[in-house]
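In what follows, a single structure is set out as C-alpha coordinates and then discussed.
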Amino acid sequence: MKLPAFAFSLILIWLTYELGRKLHSPRIGLCAAFMLAAAPVSTFISLEARAYTLAACLCTLIIFVYERACEKPALRNLLLLALAAAAALYVHYTAIPFLAAIGIITAVRPKLVQATRLRIVLTLAASALPFAAWMPSFIAQTRAGMSFQSFQAPLTAMDMARLFLTDIISLLPDPPAVGIAIICLLASFVLIR
(Lines give C-alpha, C1' and ligand atoms only; values in the text may rest on other atoms or scores of the structure.)
Protein backbone atom coordinates (compact mmCIF):
# COMPACT_ATOMS: atom_id res chain seq x y z
CA MET A 1 0.00 0.00 0.00
CA LYS A 2 2.89 2.38 0.62
CA LEU A 3 4.50 1.86 -2.79
CA PRO A 4 2.34 4.46 -4.61
CA ALA A 5 3.19 7.11 -2.00
CA PHE A 6 6.89 6.31 -2.36
CA ALA A 7 6.64 6.40 -6.17
CA PHE A 8 4.90 9.78 -6.08
CA SER A 9 7.58 11.10 -3.71
CA LEU A 10 10.22 10.20 -6.31
CA ILE A 11 8.15 11.88 -9.03
CA LEU A 12 7.80 14.92 -6.75
CA ILE A 13 11.59 15.22 -6.47
CA TRP A 14 11.87 15.13 -10.27
CA LEU A 15 9.03 17.67 -10.71
CA THR A 16 10.68 19.96 -8.16
CA TYR A 17 13.91 19.81 -10.14
CA GLU A 18 12.08 20.54 -13.40
CA LEU A 19 10.18 23.45 -11.87
CA GLY A 20 13.35 25.00 -10.42
CA ARG A 21 15.14 24.50 -13.74
CA LYS A 22 12.29 26.09 -15.71
CA LEU A 23 11.83 29.06 -13.38
CA HIS A 24 15.51 29.77 -12.74
CA SER A 25 18.34 27.37 -13.63
CA PRO A 26 19.42 23.72 -13.43
CA ARG A 27 21.44 24.47 -10.28
CA ILE A 28 18.42 25.92 -8.51
CA GLY A 29 16.40 22.91 -9.65
CA LEU A 30 18.99 20.55 -8.16
CA CYS A 31 19.17 22.55 -4.92
CA ALA A 32 15.38 22.47 -4.58
CA ALA A 33 15.22 18.74 -5.37
CA PHE A 34 17.93 17.89 -2.85
CA MET A 35 16.36 20.07 -0.16
CA LEU A 36 13.08 18.25 -0.73
CA ALA A 37 14.78 14.86 -0.64
CA ALA A 38 16.57 15.72 2.61
CA ALA A 39 13.52 17.09 4.41
CA PRO A 40 12.26 14.73 7.12
CA VAL A 41 8.66 15.64 6.37
CA SER A 42 9.17 14.53 2.78
CA THR A 43 10.53 11.18 3.95
CA PHE A 44 7.72 10.79 6.46
CA ILE A 45 4.91 11.42 3.97
CA SER A 46 6.55 9.17 1.38
CA LEU A 47 6.12 6.30 3.84
CA GLU A 48 2.48 7.07 4.62
CA ALA A 49 -0.24 5.08 2.86
CA ARG A 50 -2.07 8.32 2.08
CA ALA A 51 -2.40 10.69 -0.87
CA TYR A 52 -0.09 13.40 0.47
CA THR A 53 2.68 12.81 -2.07
CA LEU A 54 0.17 12.67 -4.93
CA ALA A 55 -1.31 15.98 -3.74
CA ALA A 56 2.18 17.51 -3.59
CA CYS A 57 2.94 16.21 -7.10
CA LEU A 58 -0.27 17.70 -8.44
CA CYS A 59 0.36 21.06 -6.75
CA THR A 60 3.87 21.16 -8.21
CA LEU A 61 2.45 20.24 -11.61
CA ILE A 62 -0.12 23.03 -11.22
CA ILE A 63 2.67 25.58 -10.69
CA PHE A 64 4.52 24.21 -13.72
CA VAL A 65 1.43 24.38 -15.97
CA TYR A 66 0.36 27.72 -14.46
CA GLU A 67 3.66 29.31 -15.47
CA ARG A 68 3.28 27.86 -18.96
CA ALA A 69 -0.29 29.22 -19.19
CA CYS A 70 0.91 32.67 -18.09
CA GLU A 71 3.52 32.66 -20.86
CA LYS A 72 1.19 31.23 -23.51
CA PRO A 73 -2.52 31.03 -22.59
CA ALA A 74 -3.32 28.51 -25.31
CA LEU A 75 -6.33 26.24 -24.85
CA ARG A 76 -4.06 23.22 -24.30
CA ASN A 77 -2.24 24.88 -21.39
CA LEU A 78 -5.47 26.10 -19.82
CA LEU A 79 -7.01 22.64 -20.14
CA LEU A 80 -3.96 21.04 -18.51
CA LEU A 81 -4.21 23.58 -15.69
CA ALA A 82 -7.91 22.83 -15.18
CA LEU A 83 -7.34 19.06 -15.19
CA ALA A 84 -4.41 19.24 -12.76
CA ALA A 85 -6.36 21.57 -10.45
CA ALA A 86 -9.48 19.38 -10.53
CA ALA A 87 -7.37 16.28 -9.83
CA ALA A 88 -5.67 18.04 -6.91
CA LEU A 89 -9.05 19.01 -5.47
CA TYR A 90 -10.21 15.41 -5.65
CA VAL A 91 -7.03 14.07 -4.08
CA HIS A 92 -6.78 16.32 -1.02
CA TYR A 93 -8.52 19.31 0.54
CA THR A 94 -5.24 21.20 0.86
CA ALA A 95 -5.63 22.09 -2.80
CA ILE A 96 -8.39 24.55 -1.87
CA PRO A 97 -6.15 27.18 -0.19
CA PHE A 98 -3.38 26.41 -2.68
CA LEU A 99 -5.60 27.16 -5.68
CA ALA A 100 -7.06 30.20 -3.91
CA ALA A 101 -3.50 31.51 -3.47
CA ILE A 102 -2.77 30.89 -7.17
CA GLY A 103 -5.93 32.82 -8.04
CA ILE A 104 -4.92 35.76 -5.83
CA ILE A 105 -1.39 35.75 -7.25
CA THR A 106 -2.88 35.78 -10.76
CA ALA A 107 -5.15 38.69 -9.91
CA VAL A 108 -2.29 40.87 -8.66
CA ARG A 109 0.56 39.56 -10.82
CA PRO A 110 2.26 42.41 -12.67
CA LYS A 111 3.13 42.14 -16.35
CA LEU A 112 0.25 39.75 -17.01
CA VAL A 113 -2.08 40.73 -19.84
CA GLN A 114 -5.64 41.31 -18.60
CA ALA A 115 -7.11 38.74 -21.01
CA THR A 116 -4.62 36.11 -19.82
CA ARG A 117 -5.37 36.97 -16.19
CA LEU A 118 -9.10 36.51 -16.81
CA ARG A 119 -8.61 33.20 -18.65
CA ILE A 120 -6.49 31.74 -15.85
CA VAL A 121 -8.84 32.84 -13.07
CA LEU A 122 -11.83 31.42 -14.98
CA THR A 123 -9.89 28.18 -15.58
CA LEU A 124 -9.16 27.84 -11.86
CA ALA A 125 -12.80 28.55 -11.02
CA ALA A 126 -13.99 26.00 -13.58
CA SER A 127 -11.64 23.39 -12.13
CA ALA A 128 -13.54 23.64 -8.85
CA LEU A 129 -16.89 22.77 -10.45
CA PRO A 130 -16.39 18.96 -10.36
CA PHE A 131 -15.49 19.32 -6.67
CA ALA A 132 -18.88 20.90 -5.92
CA ALA A 133 -20.44 17.43 -5.61
CA TRP A 134 -18.15 16.75 -2.64
CA MET A 135 -18.87 20.02 -0.81
CA PRO A 136 -21.56 18.54 1.51
CA SER A 137 -19.08 15.86 2.62
CA PHE A 138 -16.32 18.46 3.06
CA ILE A 139 -18.57 20.67 5.19
CA ALA A 140 -19.61 17.70 7.35
CA GLN A 141 -15.96 16.73 7.92
CA THR A 142 -14.92 20.26 8.87
CA ARG A 143 -17.80 20.49 11.35
CA ALA A 144 -16.69 17.21 12.95
CA GLY A 145 -13.20 18.61 13.54
CA MET A 146 -9.82 16.89 13.65
CA SER A 147 -8.91 14.21 16.12
CA PHE A 148 -5.42 14.06 17.58
CA GLN A 149 -4.42 10.66 18.90
CA SER A 150 -2.39 11.92 21.84
CA PHE A 151 -4.68 14.79 22.84
CA GLN A 152 -8.17 14.84 24.27
CA ALA A 153 -10.64 17.54 23.22
CA PRO A 154 -10.75 20.34 24.16
CA LEU A 155 -7.07 21.10 23.72
CA THR A 156 -5.40 23.09 26.47
CA ALA A 157 -2.89 25.83 25.75
CA MET A 158 -0.09 23.47 26.85
CA ASP A 159 -1.33 20.73 24.46
CA MET A 160 -1.41 23.20 21.57
CA ALA A 161 2.09 24.47 22.41
CA ARG A 162 3.42 20.90 22.60
CA LEU A 163 1.75 20.02 19.28
CA PHE A 164 3.18 23.16 17.66
CA LEU A 165 6.72 22.46 18.92
CA THR A 166 6.47 18.82 17.82
CA ASP A 167 5.49 19.96 14.33
CA ILE A 168 8.34 22.50 14.18
CA ILE A 169 10.90 19.94 15.38
CA SER A 170 9.70 17.43 12.79
CA LEU A 171 10.52 19.97 10.05
CA LEU A 172 14.19 20.12 11.03
CA PRO A 173 16.44 18.10 8.74
CA ASP A 174 18.06 14.90 9.99
CA PRO A 175 21.88 15.18 10.14
CA PRO A 176 22.48 12.08 7.94
CA ALA A 177 19.99 13.34 5.35
CA VAL A 178 21.66 16.76 5.30
CA GLY A 179 25.06 15.13 4.83
CA ILE A 180 23.81 13.03 1.92
CA ALA A 181 22.10 16.06 0.38
CA ILE A 182 25.29 18.15 0.65
CA ILE A 183 27.36 15.39 -0.98
CA CYS A 184 24.80 15.03 -3.78
CA LEU A 185 24.61 18.79 -4.22
CA LEU A 186 28.39 19.11 -4.50
CA ALA A 187 28.45 16.21 -6.94
CA SER A 188 25.73 17.85 -9.03
CA PHE A 189 27.68 21.11 -9.21
CA VAL A 190 30.71 19.19 -10.41
CA LEU A 191 28.62 17.35 -13.02
CA ILE A 192 26.95 20.55 -14.27
CA ARG A 193 30.25 22.28 -14.92
- Residue set Ala85, Ala74, Ala56; condition of a type outside the set (Val, Ile, Thr) and surrounded by fewer than 20 Cβ atoms within 10 Å (Cβ to Cβ); output residue Ala74
- Message: Criterion first (closer than 21 Å to Ala55 by Cα, modelled with pLDDT under 80, open to solvent by 40 Å² or more (accessible area, probe 1.4 Å) and more than 17 Å from the chain's Cα centre (by Cα)) does Ala140 satisfy it?
- Response: no
- Note on the structure: Listed by first then second residue, the pairs whose first member lies in segment 17-44 and is closer than 12 Å to Thr60 by Cβ, whose partner is among the small types (Gly, Ala, Ser) and open to solvent by 30 Å² or more (accessible area, probe 1.4 Å), with beta carbons under 7 Å and at least 6 positions apart or on separate chains, are Tyr17/Ala32; Gly20/Ala32
- Check Leu30 against each of (1) open to solvent by 20 Å² or more (accessible area, probe 1.4 Å); (2) closer than 27 Å to Ala107 by Cβ and name the one condition it does not meet. (2)
- Item | Number of positions in segment 1-15 that are touching a helix residue (DSSP H, G or I) at 6+ places or on another chain (Cβ under 6 Å) and open to solvent by 30 Å² or more (accessible area, probe 1.4 Å) | 4
- Task: Would you tally the residues in segment 27-49 being closer than 24 Å to Val65 by Cβ and either among the basic types (Lys, Arg) or touching a helix residue (DSSP H, G or I) at 6+ places or on another chain (Cβ under 6 Å) (or both)?
- Result: 12
- For Gly103: the one exception among (1) small (Gly, Ala, Ser); (2) closer than 11 Å to Tyr66 by Cβ; (3) free of Cβ contacts under 8 Å to residues at least 12 places away in the same chain: (3)
- Boolean, Ile45 is in a helix (DSSP H, G or I) and closer than 27 Å to Ile120 by Cα: no
- Looking only at residues in segment 69-122 that are of a type in the set (Phe, Trp, Tyr) and assigned to a helix (DSSP H, G or I), which one is nearest to Leu54 (Cα to Cα)? Tyr90
- Might you let me know whether segment 61-68 holds any residue that is surrounded by 13 or more Cβ atoms within 10 Å (Cβ to Cβ) and modelled with pLDDT under 90? no
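The values are calculated or read from the model by the stated rules, or taken from the named source; none is laboratory data. Source: prediction; values computed, not measured. Neighbour counts run over all protein chains shown; Cβ positions are idealised from the backbone, glycine included. Accessible surface is based on the protein model in full, side chains and every heavy atom, while ligands, DNA and RNA are left aside. Shrake-Rupley method; radii C 1.70, N 1.55, O 1.52, S 1.80 Å.
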